[in-house]
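Below is one structure, written out as C-alpha cells, with a few remarks after it.
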Amino acid sequence: MIQQLIKFFRKPIVNFIIQAVVVLVVTRFLCYTGWLIYFLNQPHPPFWDFQWYYVASKLAHQHLSPFNVEIFNQTFCSITKVCGSLPPFVYPPNIIPLIWFLGDFSLDNAFKISIVMHILAIGLALWGANILLESKSRALKSICTISVALIYGLVRDFQVGNIAIFIVVLILWMFILARKNQDILAGICLGLALCKPTLAVLFVLYFLLKKRFSLVFVSVVTVTSLALLGLVLTGNSLTQFLSDSTQGFSLWLKDPSVNPYISISRLDLMVVGPRLFPNNPFFAQLLSNIIVLILVSCVGRYLYLQQSFTAWSKKIYLAEIVLISCLSISINYSQDTSSVMLIPAAVFLLNDLLYQIRHCKFSRKRMSVWLAGVCCVAMQTAVIHGWLIHSLAKHWKVKAGELPYFMKVTIFALPSYAVLGITVSILVLAISSLRQKQVLKFESFNRVSI
C-alpha cells in the first residue's frame, strides 16, 4: 500500500497539486506577515480582548479592583474611549501579577509588546508540537507545523490579543516536562496556566489520578501565591472579590458573545442544546448536560482502561493529554480563540497514522475514524470560522439574535460539532490502539515463551 501511495504521489498532476497547496500555505503566512506590519503601523489598531487585560493592569497599578464592575467600566471608558454596556473583567486574581507589566506602558506600546509575545508563543507552540511528534522525518515535521499553524485559534488569538495561546504553550511544555519527570517545572507551568481555569483546571484532576502529587502540590502553591498577590495588588479581600466577581459574572453571562442562544463564536458543547431548543431552556440545558455527561464518562472509562493496562503507572501519555484538552474546551465555556487547545489533537492524529503504518494491518474502519478526526480538525481552521461563519454573520444582526434557526443548528454550529467529533474519534482511536498494544504485547510474550 505504501509503495502504491509513493507511485501515486510521484504522478505529475498529483505532484503539481501538492506543490500548489504548499505555495498557498506559504503565501498565506506571507499575507499574515504583511497584515501584521500594516496592523502595527495603524494609529488605533483594534485591540479587542487585549483592552481588558490592559485596563485591569492599569487599575492594579492604582491599587483599585478590576473585579468591581463600576470601577472597571469607568476606567475602560476613560482609557479606550469605548463606553456603554461592556462585559466585565471575570478572570481570577492570579492573573493580575502576570499582566502587571502592561500597566507600565502606554496602550499602543503595551499592545506591540503583546504582539511580540504572541509571536514567541506561537513559535514555542510549533516547537512543542514537533517535539511531541514521534518521527524525525523533516517532511512529517513540516506537515505537523503546517497542520498546527492552520488551526484558527492560533491566528484569532493573535489578532484579538487573548491569552489562550500562552495557556496552551504552558500546557504543552508542562506535558513535555512531566514526561521527563521534571515535576517542579511542570507544576509551575500548570500553576501559571490556571490564570485561565476553564482551560487548565481539568489537568489538576488528571495529575491527581496519576498520583503525581508533587506536581499538583507545586501547581497549587504557585496559583495560590499568585492569587494572594493579585488580591494585595488590587486592594481586595477574598470576601470583597467574591462579591464583585459574582456580580460581574452574572452581567458577563448576558453579553451577546457569551450567551449560548446568541453567540456565534462559542465552540463548547453547552451551546448545542440552546441552538436546537431556543424556546425551551429546560430541554436545551438537559440535552447539553447529557452530551457532556456521556462524553466525560467515556473519557473516564478510557483513563481507567489505560491505567489498568499500565498497572496504574505514573507515566503520562499523549492520548490522555489530548482527551483532557478536548474536554477542557467542550464541557466549559470556550470561544474560537480556545481552539488552540486542539494542537495536541493534531499531533496525536499524525502519531496515530505513523503507528498504524509501522505496526498494524490496514483497517478500513479505523482509517475512516481517523479521517473523520482529520475532517473535524479541519473545521477549526479559518475556512469555517473566518471565511464561512463570520462572512455569513454579516447578513444578520447577530447580537440581536436574528440568525435563522436552520443556520444556527447547521453552519454556525459546525465548530461545536467538530469539537465533539474530534473528541469521539480520538477516543475511539485511543481505545483501539490500547487493544492493539495488548495484542502485540501478548504475541511478543508468546514468541519469547516459545
Going by the conditions given, is Val383 farther than 24 Å from Ala430 by Cα and assigned to a helix (DSSP H, G or I)?
yes
Give me the residue from the range 397-422 that is part of a loop (DSSP other than H, G, I, E, B) and open to solvent by less than 80 Å² (accessible area, probe 1.4 Å) and, out of that set, nearest to Val292 (Cα to Cα).
Thr410
With Ala393, Ala382, Ala372 as the choices, which residue is of a type outside the set (Ser, Thr, Tyr), modelled with pLDDT of 90 or more and within 26 Å of Ile151 (Cα to Cα)?
Ala372
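Could you list, in sequence order, all residues of the range 203-216 that are out of contact with any helix residue (DSSP H, G or I) (no Cβ under 7 Å at 6 or more places or on another chain) and open to solvent by 30 Å² or more (accessible area, probe 1.4 Å)?
First, the residues of the range 203-216 that are out of contact with any helix residue (DSSP H, G or I) (no Cβ under 7 Å at 6 or more places or on another chain): 205, 210-211, 213.
Leu205, Lys211, Phe213, listed by residue number.
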Neighbours by Cβ (under 7 Å, 6+ apart or cross-chain): first from the range 369-390, within 21 Å of Val347 (Cβ to Cβ); second not basic (Lys, Arg) and not in a helix (DSSP H, G or I)
Gln380/Ile151; Thr381/Leu150; Thr381/Ile151
What is the one condition in (1) among the aliphatic types (A, V, I, L, M); (2) at pLDDT below 95; (3) open to solvent by less than 70 Å² (accessible area, probe 1.4 Å) that Val221 does not satisfy?
(2)
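Would a scan of the range 249-263 turn up a residue that is charged (D, E, K, R), closer than 19 Å to Trp52 by Cα, surrounded by 14 or more Cβ atoms within 10 Å (Cβ to Cβ) and in contact (Cβ under 8 Å) with a residue 60 or more places away in the chain?
yes
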Kindly indicate whether any position in the range 301-314 is more than 28 Å from Val409 (Cβ to Cβ), touching a His at 6+ places or on another chain (Cβ under 9 Å) and either open to solvent by less than 80 Å² (accessible area, probe 1.4 Å) or not charged (D, E, K, R) (or both).
no
Of these, Phe348, Phe362, which one is closer than 24 Å to Phe158 by Cβ and not polar (S, T, N, Q)?
Phe348
Between a residue in the range 151-166 that is in contact (Cβ under 8 Å) with a residue 12 or more places away in the chain and any residue that is of a type in the set (Lys, Arg), which pairs come within a Cβ distance under 8 Å, given they are 6 or more apart or on different chains?
Asn162/Arg156; Ile163/Lys196; Ala164/Lys196
Looking only at helices (runs of 4 or more DSSP H) that fall completely inside the range 38-157, which ones have 1 or more residues that are aromatic (Phe, Trp, Tyr)?
49-61, 69-80, 107-132
Condition met for Tyr333 (outside any helix (DSSP H, G or I), open to solvent by 40 Å² or more (accessible area, probe 1.4 Å) and either modelled with pLDDT of 90 or more or touching a helix residue (DSSP H, G or I) at 6+ places or on another chain (Cβ under 6 Å) (or both)):
yes
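Looking only at the range 321-359, how many residues end up being touching a Lys or Arg at 6+ places or on another chain (Cβ under 8 Å) and under 25 Å from Leu208 (Cβ atoms)?
Number of matching residues: 2.
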Let me spell it out: the conditions are (1) surrounded by fewer than 10 Cβ atoms within 10 Å (Cβ to Cβ); (2) modelled with pLDDT of 65 or more, and Lys11 meets all of them except one. Which number is the exception?
(1)
Test Leu342 against the stated conditions and say whether it is touching a strand residue (DSSP E or B) at 6+ places or on another chain (Cβ under 8 Å) and crowded, with 19+ Cβ neighbours inside 10 Å.
yes
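Can you pull out every residue in the range 357-380 that is in a helix (DSSP H, G or I) and under 20 Å from the mean Cα position of the chain (by Cα)?
Ala372, Gly373, Val374, Cys375, Cys376, Val377, Ala378
Table: residues versus (1) surrounded by 20 or more Cβ atoms within 10 Å (Cβ to Cβ); (2) within 24 Å of Leu229 (Cα to Cα).
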residue: Ile99; (1), (2): yes, yes
residue: Asp104; (1), (2): no, yes
residue: Ala110; (1), (2): yes, yes
residue: Ala125; (1), (2): yes, no
residue: Ile131; (1), (2): no, no
residue: Ser142; (1), (2): no, no
residue: Thr145; (1), (2): no, no
residue: Arg156; (1), (2): yes, no
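The values are calculated or read from the model by the stated rules, or taken from the named source; none is laboratory data. A quick note: this is a predicted structure, and the numbers were derived from the prediction, not measured. For neighbour counting, all protein chains shown are included, and Cβ atoms are generated from backbone atoms with ideal geometry for every residue, glycine included. For the accessible areas, the whole protein counts, side chains as well, though only heavy atoms, and no ligand, DNA or RNA atoms are used. Shrake-Rupley method; radii C 1.70, N 1.55, O 1.52, S 1.80 Å.
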